[in-house]
Structures are given as structure tokens and as C-alpha cells.
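A.B. asks: I am attaching a structure below and will ask some questions about it afterwards.
The values are calculated or read from the model by the stated rules, or taken from the named source; none is laboratory data. Predicted model only: the values in this text are computed from it and were never measured. As a convention, Cβ positions derive from the backbone with ideal geometry for all residues, glycine included, and neighbour counts pool all protein chains shown.
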Amino acid sequence: MLDAAATGLADGLRRLGSGAIAAVGRLGYATRFFVAVVRETPAAFARLHLTLREVYFSGVLSLVIILVSGLFVGMVLALQGYDVLQRYGADESLGILVSLSLVRELGPVVAGLLFASRAGSAITAEIGLMKATEQLSAMEMMAVDPLARVVAPRFWGGVISMPLLAALFSTLGVFGAYLVGVRLIGIDTGAFWGNMQAAVDFRYDIVNGIIKSAVFGTAVSLIAVFEGFDAKPTAEGVSSATTRTVVESSLAILALDFVLTVFMFRGIS
Amino acid sequence: MSDPSAPAYVTAAAQPDIAVELADVTFAYDRRPVLAGISMVIPRGKVVAIMGGSGCGKTTILRLIGGQLKPQVGRVMVAGQSVPDLDRDELYALRRKFGMLFQFGALFTDMSVYENIAFALREHTDLPEEIVRDLVLMKLHAVGLRGAARLMPSELSGGMARRVALARAIALDPMLVMYDEPFAGLDPISLGVVGQLIRQLNDALGITSIVVTHDVYESLKIVDYLYFVSEGAIIAQGTAADVRASGDAFVRQFVDGEPDGPVPFHYPASPYRAELFARA
């Protein structure tokens, strides 16, 4: 009885230990991969058309989901915000509420989550399938480094697209709030825009929002290319790599958002 | 007179010009041994087949020659250079002289047939676009698919994809072309076409070809020499005529396609009767 418990405990510890070692090893591998990709950056930018093509695939093709989501998030935010604000007679501050929420938080975070599931998963699946069908091996055997030719352009395509998408998300969100707040509910147009203009600080709010979205873009793109490159070259391997990209990216965005917010807005009160 | 350790073929043909040489190569993935002390010589200008059942380490040999894997023990020499000792730049320089045809073609699915063949030319040369175009069309014409230049890989049949991959493999006029299962999954006509192309391109372009395959019938028609690999070791070798006349039990089983023999039909298991009645 006691023996069995001891064995079970030892097994559990062993599993925990080997899991921890595997996780640290994988993190180290991902870091080395990141350094290798960054080192290939000049090669990726030397042939700019490769990176621009990925900006099109990750950025332009994500526009519909980003713009529509931004519009609806802004409209819902206006409805909910108005409901609370008007209780205190502060309904003219709706513009401030909506714009600050979007620029500081919702724009980068929600756009990042959408970007991870729309573009990140596609990047992982594409690189994973290229690996499974030996296209990456073929490239290597043709003396072309897949990191420079396939991975780096996709990474930078994502890094460049993400802040632009987040900015468009926030813009459409503000427009959606305008439609609901001013056009539908009837808040004064001048108060809506004027209060917003007075309250939103370029350096403090907008630049910090852009920094956040750039960090999220880097994290999501890195996770996406790494998971694709590291995928087991089978149908099952590619599908689980794609799932991991979405899960890890989402968690990374939320965790990084907390850390960045602590540093950026701690003097707020 | 002749070196007794060298394969008979090399000494007999008095062929000093060696493209690829493997000496006592041992390789294991983690702890799973794949190759156990393999030695082979591939003379320049010849078509040599490496044959054996699935999973016997044939493809591993190609990856060792291409420098994608490093042997734990032994020497891999290509064109007089020791492949495992090359640094990245030297390895890439060597690979520019290689062509490789992967098992299912491994064409780049996001590029047209034309772009696939132009890929290496554009990556490694500064040729003007008109010359790239002419070279691509010449390579495609050689495999009979000039008319398919604008198609995407998804629009090709298996045999056509294999021929496009072949055209891509010879795009940079390599000295050595490696074929990984070029005959797998092809209909009889495509099979004959691909086999003939391998032979003709080899002779016309003066390249050396290594064909990894388990298709005995097709290989015997086109190759100069064959190595039989089983469980990580070379168990027989010879010219096509030697192989046809061979009395070796393994070679006979392989050539005649017998289900049972030195390569057993049954995966190792406990005695049948004992297992069936184990629960009774």
C-alpha cells in the first residue's frame, strides 16, 4: 500500500520533472529560432516582394474580419457605455470612454486575438504543410535557406500588419460608437468629438497602444512561424500545431497585455 | 593490383572518377539504429540504384549524402569533399551542384510549374528574365511538359508532378541527381517515362544519378549498378545482369516478389498458438 503510494509519487515527480525539462528545452529552442529568424531579416528585406506578399496575406486578407469586428465592438461599447454614463449625467463623455478603451486596450488585444486566429493559424498551417510535403527539405537541398525564404518574410509580414490592423480596428470602433452614440442615441456631435480630442493624449494613449499592438504582432508571428516550422510532418502534427498557435498566441497576448499595462499606465490614478 | 576492399564493380570498370563514396557509415536516430557500417561507391556518370524494403534506411543514405544528416561513424565523400565536415556556406555551395527529386515531387504548391523551375535559377543566379525563361522552357521541353508551364502543381497528375520535379532537379545543371522513390505510385506509362528520363538525362547531361527505390523491374531496365540494403547493411550488389542471375536468397525474394523468405512475412511475435490460447 505504502509502496504503491511511493511509486505513484515518484512517477508523478518524474513526469513533472521531464515535462519541465521539455518545456525549458522547447523555450530555448524557440529563442534560438527567434534569433536565427532575426538574423535572416536582411535577406528577407533584400527581396522586399516576399515580405510585401506576406503583408498582403496576413494584413490585407484579415481586413474584413478586423473592420467588421471593430465596427461592432465600437457600437456595443457605445450602447453599454451610454447606459452607465447617462445614470450619472455623463453621457457626453461617451467619446472619451469609447476611444480610450479602444486605443489603449480593446484595439490591440481584440485585433491581436483575431489576428492570431485568422493569420497566425494560416501561417502555421502553411509552413507545417510545406514541411510535411517536404517542400522545406527540397528548398534546403536546393541550397536555399527556408528560414530566409519562407519563415522570415512571414514573420515580418505579421509584425508589420498587426499594428496597422489594430489601428484600423480602433478607428472603425470609434466610428461605430459615433454611429450609435451620435446618430442613433442623439448625443451632441461636438461634445462627442471635442471631449475625445481633449482627453486622448497622443504620446500617452495612442503611442502606447501602437507599442502594445507591435509587441502582440511580434509574439503572434513568432509563435505562428515557430509552431509551423516545429510541427510534426503529419496531418495530425500540423493540426495540433495550428491549435497550439491559437491557444499560445491568445494566452501570450493577454499575459503581455497585463505586463505592458502595468508599466505603461501605472501613473494613471 | 586492385584494392580488395573496393566493390568489384569499381575495380572491374577501372573507374577512378568517383562522385560519391560512403565508408563504414553508421547512423542512428536517437537510439534507433538505421545504418550499420555501410560502404558504397558511386562512380561519376553512372546510374546507381539503392534498393531495399520500406524503412531499411535508403532515404537516410540520400540525406547523409545531401548533408541533412551527419553520420555518427564513417565517411561521406561527395566530389572529394567530406560532407559532414563542411560548414554551412560550403555545404550550400556543394548543394548547388545537386539535384534532388523527392518522393512525391515536393513541388512548391504556391508557385506555378514555371515558377517552380525558375526558383533555383532566380535564387542562385542573376540571369536576365529572358534567359531564365529560355532555360525553364528547355528543361520543361526535356521532360515533355513545356505546354504545362502555366499550370499549378494541384492541376498536375502524379506522373506529371514527378516530371516537373525532375525538370526542377536539373535546373542548375547539377553534377549529381538523387531520386527518392521516383517510381512510387505511378501508372505504368508514367513509370516507363520517368525511368527513361532518368537514364536519358543522365547520359545526355553527363550527370551521376542515385536512384533510391523498391521497384526492381523498372530499375533493372535503366541502372548500371545496384546495391541491396536490408536492416541497415548492404547485403548484395552487382550489375543488372548479376542481379537477374543471382542465386542469393534475399535478392531472389526481392526480384521475384516472394511474400516470405529472408525478409519474413510476419513481424516478430510470440508463438501464434500460445497467444491465441493465452486467455483461455
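A.B. asks: Can you tell me which of B:241, B:280, B:204 is out of contact with any strand residue (DSSP E or B) (no Cβ under 7 Å at 6 or more places or on another chain), farther than 29 Å from residue B:63 by Cα and either among the hydrophobic types (A, V, I, L, M, F, W, C) or at pLDDT 85 or above (or both)?
C.D. replies: B:280
A.B. asks: Out of the residues in segment B:133-143 meeting the condition of being in a helix (DSSP H, G or I) and buried (at least 19 other Cβ atoms within 10 Å of the Cβ), tell me which one is farthest from the chain's Cα centre (by Cα).
C.D. replies: Taking the candidates together, the pick is B:136.
A.B. asks: Quick check on my filter: what residues within segment B:1-29 are of a type outside the set (S, T, N, Q) and modelled with pLDDT under 80?
C.D. replies: Across segment B:1-29, the qualifying residues are B:1, B:3, B:4, B:6, B:7, B:8, B:9, B:10, B:12, B:13, B:14, B:16.
A.B. asks: Just to be sure I understand, how many residues within segment A:127-139 are of a type outside the set (S, T, N, Q), facing chain B (nearest Cβ under 7 Å) and either within 20 Å of residue A:30 (Cβ to Cβ) or assigned to a loop (DSSP other than H, G, I, E, B) (or both)?
C.D. replies: 1
Here is a yes/no grid of residues against (1) more than 17 Å from residue B:213 (Cα to Cα); (2) within 13 Å of chain A (Cβ to nearest Cβ); (3) touching a residue at least 40 places away in the same chain (Cβ under 8 Å):
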{"position": "B:63", "(1), (2), (3)": "no, yes, no"}
{"position": "B:81", "(1), (2), (3)": "yes, no, no"}
{"position": "B:86", "(1), (2), (3)": "yes, yes, no"}
{"position": "B:112", "(1), (2), (3)": "yes, no, yes"}
{"position": "B:139", "(1), (2), (3)": "yes, no, no"}
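A.B. asks: Moving on to the next point. Is one or more of the residues making up segment B:193-201 part of a helix (DSSP H, G or I), surrounded by 20 or more Cβ atoms within 10 Å (Cβ to Cβ) and touching an Asp or Glu at 6+ places or on another chain (Cβ under 7 Å)?
C.D. replies: Scanning segment B:193-201, I find at least one residue that is part of a helix (DSSP H, G or I), surrounded by 20 or more Cβ atoms within 10 Å (Cβ to Cβ) and touching an Asp or Glu at 6+ places or on another chain (Cβ under 7 Å), so the answer is yes.
A.B. asks: A further question on this structure: Tell me yes or no: at least one residue of segment A:166-176 is surrounded by 21 or more Cβ atoms within 10 Å (Cβ to Cβ), within 14 Å of chain B (Cβ to nearest Cβ) and either among the small types (Gly, Ala, Ser) or over 30 Å from residue A:54 (Cα atoms) (or both).
C.D. replies: The answer is no, given that none of the residues of segment A:166-176 is surrounded by 21 or more Cβ atoms within 10 Å (Cβ to Cβ), within 14 Å of chain B (Cβ to nearest Cβ) and either among the small types (Gly, Ala, Ser) or over 30 Å from residue A:54 (Cα atoms) (or both).
A.B. asks: Right, another one. Against the condition within 14 Å of chain B (Cβ to nearest Cβ) and either closer than 20 Å to residue A:130 by Cβ or part of a helix (DSSP H, G or I) (or both), how does residue A:153 come out, does it pass?
C.D. replies: Answer is yes for this residue.
A.B. asks: State whether one or more residues within segment A:249-261 are of a type in the set (S, T, N, Q), in a helix (DSSP H, G or I) and either over 18 Å from residue A:161 (Cα atoms) or free of Cβ contacts under 8 Å to residues at least 40 places away in the same chain (or both). Outline the logic, then answer.
C.D. replies: Start the filter on segment A:249-261 by keeping residues that are of a type in the set (S, T, N, Q), which leaves A:249-250, A:261.
Filter once more, keeping what is in a helix (DSSP H, G or I): A:249-250, A:261.
Keeping just the survivors that are either over 18 Å from residue A:161 (Cα atoms) or free of Cβ contacts under 8 Å to residues at least 40 places away in the same chain (or both) gives A:261.
Taking every residue of segment A:249-261 in turn, at least one turns out to be of a type in the set (S, T, N, Q), in a helix (DSSP H, G or I) and either over 18 Å from residue A:161 (Cα atoms) or free of Cβ contacts under 8 Å to residues at least 40 places away in the same chain (or both).
A.B. asks: Filter segment B:200-237 down to the residues that are farther than 16 Å from residue B:256 by Cβ and small (Gly, Ala, Ser) and list them by number.
C.D. replies: Once the filter is applied, which keeps residues that are farther than 16 Å from residue B:256 by Cβ and small (Gly, Ala, Ser), segment B:200-237 yields B:204, B:206, B:209, B:232, B:233.
A.B. asks: Oh, and also: Which ones in segment B:50-69 are outside any helix (DSSP H, G or I), touching an Asp or Glu at 6+ places or on another chain (Cβ under 7 Å) and among the hydrophobic types (A, V, I, L, M, F, W, C)?
C.D. replies: B:56, the sole residue that qualifies.
A.B. asks: Right, something else. Which residue pairs have Cβ atoms under 8 Å apart, sit 6 or more places apart or on different chains, and have a first residue in segment A:32-51 that is among the hydrophobic types (A, V, I, L, M, F, W, C) and a second that is modelled with pLDDT under 90?
C.D. replies: Sorted first by the residue in segment A:32-51, then by its partner, the pairs are A:50/A:44.
A.B. asks: Quick one: residue B:146 ticks every box in (1) out of contact with any Ser or Thr (no Cβ under 7 Å at 6 or more places or on another chain); (2) surrounded by 17 or more Cβ atoms within 10 Å (Cβ to Cβ) bar one, so which box is it?
C.D. replies: Evaluating residue B:146 over (1) out of contact with any Ser or Thr (no Cβ under 7 Å at 6 or more places or on another chain); (2) surrounded by 17 or more Cβ atoms within 10 Å (Cβ to Cβ) leaves (2) as the failure.
A.B. asks: Do we find a residue being assigned to a helix (DSSP H, G or I) and touching a Leu at 6+ places or on another chain (Cβ under 8 Å) anywhere in segment A:7-23?
C.D. replies: Within segment A:7-23, none of the residues are assigned to a helix (DSSP H, G or I) and touching a Leu at 6+ places or on another chain (Cβ under 8 Å).
A.B. asks: Here is a further query. (1) surrounded by fewer than 20 Cβ atoms within 10 Å (Cβ to Cβ); (2) within 14 Å of chain A (Cβ to nearest Cβ); (3) touching a residue at least 12 places away in the same chain (Cβ under 8 Å): which one isn't true of residue B:67, the others all being true?
C.D. replies: Checking residue B:67 against (1) surrounded by fewer than 20 Cβ atoms within 10 Å (Cβ to Cβ); (2) within 14 Å of chain A (Cβ to nearest Cβ); (3) touching a residue at least 12 places away in the same chain (Cβ under 8 Å), the one that fails is (1).
A.B. asks: Next question, about the same structure. So which residues in segment B:243-264 are outside any loop (DSSP other than H, G, I, E, B), touching a residue at least 12 places away in the same chain (Cβ under 8 Å) and either in contact with a His (Cβ under 8 Å, 6 or more places away or on another chain) or closer than 22 Å to residue B:224 by Cβ (or both), if there are any at all?
C.D. replies: B:243, B:244, B:250, B:251, B:254, B:255
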